[in-house]
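Rule-based calculations on the coordinates, nothing more; no lab input. On a predicted model such as this, the values are computed, not experimentally measured, just so you know. As a convention, Cβ positions derive from the backbone with ideal geometry for all residues, glycine included, and neighbour counts pool all protein chains shown.
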């Protein structure tokens, strides 16, 4: 019997949403990386919350080379800005939506490698894929860290990469978890991430303010209830960390981390009660030890924020 010829894979169109804030030079470099993609986006939407619209002229210059839409907003929240940009995307014409920070540099083949995974999934089981960020590395956990994760999770795992457990502890992959390009995950970060547009519009990012810590966990863990999530090993990007040039309140950021972590645990994981509070207390102690050992600049403010 002659085998039926396989159907050709239909490339899925994708759009990109970029929340911008006060970093016009960084945005310029980010858009240059987008313009260099071997598989170009259908649309690029920049949502700018800069006080004086400093990024507007940068975006307007790139409109000659990119199908770019510029939107300004007074709401300074990465999560809210992403939601606003996605509202302009039609799932019928752009089945995929990507979100990337305004200080990310894409390699020319980055978007193509991610989109090809969605192309090869006609049943639509893959809901989201996160791009690997070169500058963020996570070694396999030490023996002490492994036992801490074991206690918090209640189960054993070699690296806990891509896991979400305990009081909403989320671990990045070590990229040693699998031999293939895709690492199954229970959550995804949002430095550079792609979702099916209809699935994203069903869920949306939570309305976290400003820095929006763990907004990516809150969203992706909800999507993981119905679809598969992956970190991609070979679809990569660079993070220039333009945020270091912005004024930052380390105490407020640390306080936000604990507050939003509690929200994820309650609203997404359904955790509450004495056991949860004990696990969160243990996590705050573990985080405090890490801060004290690292003694990074402004470590005192970070420590105070963790406990207030």
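Measuring nothing but how far apart in sequence close Cα pairs (under 8 Å, 6+ apart) lie, relative to its length, segment 1-149 scores a relative contact order of 32 percent.
Look at 188, 12 and count the other Cβ atoms within 10 Å of each Cβ; fewest to most, that gives 12, 188.
Overall form of the chain: oblate. Here a/c, set by the Cα gyration tensor axes a ≥ b ≥ c, is 1.5 or more, and a/b is not larger than b/c.
Measuring nothing but how far apart in sequence close Cα pairs (under 8 Å, 6+ apart) lie, relative to its length, the chain scores a relative contact order of 20 percent. The distance between label points at residue 121 and residue 228 comes to 0.7 nm (points 7 Å beyond Cα on the Cα→Cβ vector).
For the pair residue 60 and residue 293, what calculated FRET efficiency results from E = 1/(1 + (r/R0)^6), where r is the Cβ-Cβ distance and R0 = 51 Å, to the nearest 0.05?
The formula returns an efficiency of 0.60 here.
Starting with the highest mean, order 230-238, 60-68 by the number of other Cβ atoms within 10 Å, averaged over the residues of each peptide.
230-238, 60-68
Sorted on the mean count of surrounding Cβ atoms within 10 Å across their residues, most packed first, peptides 30-41, 73-84 read 73-84, 30-41. Descending by average beta-carbon neighbour count within 10 Å, the peptides 276-288, 216-228 line up as 216-228, 276-288, the highest first. Our summary gives segment 124-258 a relative contact order of 37 percent, counting only alpha carbon pairs under 8 angstrom and 6 or more residues apart. Hey, in the GNM for the chain with a 10 angstrom Cα cutoff, which one of 108, 173, 11 fluctuates hardest? Its mean-square fluctuation being the largest, the pick is 11.
One Cα centroid belongs to segment 82-110, the other to segment 35-77; the line between them spans 11 Å.
Beta bridges assigned by DSSP with both partners in the chain are antiparallel in approximately 45 percent of cases.
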